[in-house]
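**Student:** One structure follows; several queries about it will come next.
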Amino acid sequence: MRPRTPNYRKLARYQRWLLWQVFGNVALYVAMMLLPPAFSARAGPAASTILIATSGSWAVLILAMAVTVVLVLHAEGNHVLMIILCALCAFAPCANFVLLVLVNNSATRTLRRAGILVGFMGASAAEVERALNPDLCKGCSYNLTGNVSGICPECGRPTWA
């Protein structure tokens, strides 16, 4: 069975979602490390409110991570069994953070192989369109529809490069 071709537009969008979840995961880990003093014997009802809010945020983030991992791996063209195993791993404490980093690295590698520039927060939609649209110059994104000279009139780059 031949592997599926990745859907680069969806992959770039879902990778940005994934990166925001990595930051959310780190923020919740830091919050959980800083909150234990709030749960001392002298802490009042505010401590239980903070605990409920943190636990609720954690549950929502874990569910969102599982869904986003499935979306990224599907857009990347991975096998269904791999997608299911990674989705289950998203529910394991600490392993979910490692999973997010590994899936992000895989998505970045796939996007870069397609000639898409990937920055700190993933690839922008404009960058994906520039790399995937055959009518746009790869150097300056000038529309080359109808150009027969083989050279971009805007930046001078050969259109076959």
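Read-outs throughout are calculated quantities, based only on the coordinates presented, and are distinct from any laboratory measurement. Note that the structure is a prediction, hence the values are computed from the model and not measured. Cβ atoms come from the backbone with ideal geometry, glycine included; neighbour counts cover every protein chain shown.
**Student:** Output the 0 to 90 degree angle, nearest 10, between the alpha-carbon long axis of helix 95-113 and the longest principal axis computed from the alpha carbons of the chain.
**Tutor:** That works out to roughly 10 degrees.
**Student:** Once phi is turned into θ = phi - 60°, what whole-Hz ³J(HN,Hα) does the Karplus curve with 6.51, -1.76 and 1.60 give for every residue of region 25-35, x standing for Gly and Pro?
**Tutor:** 5, 4, 4, 5, 4, 5, 4, 5, 6, 8, 7
**Student:** Fewest Cβ neighbours within 10 Å first, please rank Met82, Met33, Met65 accordingly.
**Tutor:** Met33, Met82, Met65
**Student:** What is the set of long-range amide H partners of Leu136 at a cut-off below 5 Å, with H atoms built 1.01 Å from backbone N?
**Tutor:** Amide H neighbours of Leu136: Leu144.
**Student:** Below 8 Å, C-alpha to C-alpha, sequence gap of six or more: please give me the relative contact order for the chain in percent. Kindly include the intermediate steps, with their values, before the conclusion.
**Tutor:** Working: 158 pairs, mean separation 42.2, N = 161.
With pairs under 8 Å counted, the relative contact order is 26 percent.
**Student:** Looking only at Cβ-Cβ distances, which cysteines of the chain have no other cysteine closer than 4.7 Å?
**Tutor:** Taking the Cβ cut-off of 4.7 Å, the unpaired cysteines of the chain are Cys86, Cys89, Cys94.
**Student:** Here's another thing I want to ask about it. Could you go through region 63-70 in sequence order and give the Karplus-derived ³J(HN,Hα) for each residue, using 6.51 cos²θ - 1.76 cosθ + 1.60 with θ = phi - 60°, rounded to whole Hz, and x for Gly and Pro?
**Tutor:** Karplus-based 3J(HN,Hα) across region 63-70 equals 5, 5, 5, 4, 5, 5, 4, 4 Hz.
**Student:** What share of Cα pairs, in percent, lie more than 15 angstrom apart in region 111-161?
**Tutor:** Across region 111-161, Cα pairs with separations above 15 Å total 44 percent.
**Student:** Please list the non-local residues whose amide H lies under 5 Å from the amide H of Ile151, H modeled 1.01 Å from N, same-chain partners needing a gap of 5 or more.
**Tutor:** Those lying under 5 Å, H to H, from Ile151 are Thr159.
**Student:** What is the order of Val70, Val148, Val80, fewest Cβ neighbours within 10 Å to most?
**Tutor:** Val148, Val80, Val70
**Student:** Which net charge results when you count Lys and Arg as +1 and Asp and Glu as -1 among the other residues whose beta-carbon is under 11 Å from that of Asn7?
**Tutor:** Net charge in that neighbourhood comes out at +3.
**Student:** Continuing with this model, one more query. For the chain, taking Cα atoms only, what is the radius of gyration to one decimal and the Dmax to the nearest whole Å?
**Tutor:** 21.5, 78
**Student:** Can you sort Tyr8, Tyr142, Tyr29 from fewest to most other Cβ atoms within 10 Å of each residue's own Cβ?
**Tutor:** Numbers: Tyr8 22, Tyr142 17, Tyr29 14.
The most exposed by this proxy come first: Tyr29, Tyr142, Tyr8.
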